[in-house]
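Computed from the coordinates by the stated procedures, all read-outs in this text should not be read as laboratory data. This is a predicted model, so every value here is computed, not measured. Reconstructed Cβ throughout: ideal geometry from the backbone, glycine too, with neighbour counts over all protein chains shown.
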Amino acid sequence: SPGILYYFWSYAINNEGTSVGEVKEVINPEALMAASDELNGSARLSGSSAYYMNGNKGYLVGGDKGASYTNELVSYNGSTGNWLPLYPGSVAKWQSVVVHGNYAYVLGGFGTGNVLLNDFRRYNSSGNIWGDHIPGGPDPAYLRAGVTLEDAGYFIGGMGDTLKNEVWSYDFTPDIW
């Protein structure tokens with residue numbers, strides 16, 4: 001809700017005990033109540049699209065339309081409240097994304113015909129351009145968690161032929177797994 005004060009803190013529990021971080025305060029801005037355009041693209045099942053933030057924009061990649069999957073990539077501009085269709089990506093749901101600079105790195109997913117994907121591509125948000133497939137990397141899977149730490153993207157777990165118990169890292173500077 002706009003104008004409401006929220007308190008956040010983090011904590012970690014491990015074999016050393018419990019550690020609690022400092023309390024942070026956030027007041028939600030009025031902009032969160034602004035009306036926005038309807039999604040400029042196909043309706044999708046909740047949780048089937050990969051999503052990420054870059055700058056003041058949010059992005060939805062692919063997803064499950066019910067009878068089929070979509071390759072649509074759309075962005076939402078938080079400043080203007082508008083959706084914008086962009087150059088489409090892979091036809092898939094449950095892809096994983098990490099962001100570095102103006103680039104989103106999209107991995108895997110579940111494709112048409114119940115096919116597991118290991119496609120790994122880079123999307124340039126400033127040029128609206130998808131790069132070619134980047135070779136190497138993990139076996140095909142979907143629903144991996146993705147996080148960026150400094151100059152590397154990490155893809156954690158996921159589901160393939162079996163449940164994955166692995167962490168893969170991609171170094172952005174030399175572009176290698």
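What does the net charge come to around D151 if you take all other residues with beta carbon closer than 14 Å to its beta carbon, with K and R at +1 and D and E at -1?
So the environment of D151 carries a net charge of -3.
What order, most packed first, do the peptides 78-88, 148-158 have when packing is the mean number of other Cβ atoms within 10 Å of each residue?
The most tightly packed comes first, giving 148-158, 78-88.
Give the distance, in whole Å, between the Cα centre of region 149-177 and the Cα centre of region 58-79.
The distance from the Cα centre of region 149-177 to that of region 58-79 comes to 23 Å.
Rounded to whole Hz and in sequence order, give me ³J(HN,Hα) for region 125-135 from the Karplus expression 6.51 cos²θ - 1.76 cosθ + 1.60, θ = phi - 60°, writing x for Gly and Pro.
Per residue, the Karplus-derived 3J(HN,Hα) values read 6, 6, x, 6, 10, 8, x, 5, 4, 9, x Hz.
Where the only charges are on Cβ atoms (+1 Lys, Arg; -1 Asp, Glu), what is the dipole of the chain about its Cα centre, to the nearest 20 debye?
400 debye
At a Cα cut-off below 16 Å, give the lysines reachable from K65, other chains included and same-chain residues fewer than 8 away excluded.
Hits, sequence-local ones excluded: K93.
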